[in-house]
Amino acid sequence: MPKKPAEHNQTEPETTDADALPPLDDAGQVADAQGADALQEPVLSDRRWQQLKNRLSGSKFRSRFQLRGKELDYLRQKGMPTITRHARDFVLSRLSVIDPDKDGKQTPMRGHPVFIAQHATATCCRGCIAKWHHIPTARPLTDQEQAYLVDVIRRWIEEQAKDSE
Ligand SMILES: [Zn+2]
């Protein structure tokens, strides 16, 4: 059984199937059916990103996250390539394994632009990733799934940075 959702999710309404995204193969990203070359392809299509944003905007919890203050300064200092590398590291070290330690609590609410992005995009823990992105918790994340999550985080941060210019 998956662990109980983290406290930060408890006020969130259940996602219904009606507003759920189709499984990951929608944008040509079937992990099993593609070779290593597939990793070179963009994993998050514009359409899929728009659909996800629409769904996230329906959550009060998710949409209250914004990049500001220290996290925004940090982003400007480091630049997007470095921040994307951090996102990759966090996804790999905190999310990619089966049943990560303290799932639902591994992503702080502040302190790094990627953390903020993860809460805003429901990529903060395996419970939220299962619920919003339909990636099951009972197995490690594939490379493709990790790349997808990093892409979600990156797109969100890029849009926030643009909005704050
Ligand atoms: Zn979460």
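No value in this document is a laboratory result; all are computed from the given coordinates. Computed from a prediction, not measured in an experiment: that's the story for all the values here. Cβ coordinates were reconstructed from backbone atoms using ideal geometry, including for glycine residues, and neighbour counts include every protein chain displayed.
Tabulated data for the structure shown
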item	result
Segments 97-109, 129-141 sorted - mean Cβ within 10 Å per residue, highest first	129-141, 97-109
Nearest-0.05 FRET efficiency for K60 and T142, computed from C-beta distance (R0 25 Å)	0.20
Among the listed pairs K53/K78; K53/K131; K102/K162; K78/K131; K78/K102, those beyond 23 Å (Cα-Cα)	K53/K78; K102/K162; K78/K131; K78/K102
Under 18 Å from the L92 label point (7 Å along Cα→beta-carbon), backbone N, region 133-156	140-154
Order by protection proxy (mean Cβ within 10 Å, highest first), peptides 62-74, 110-122	110-122, 62-74
Distance between modelled label sites at Q51 and K102, nm, 7 Å Cα→Cβ extension	3.5 nm
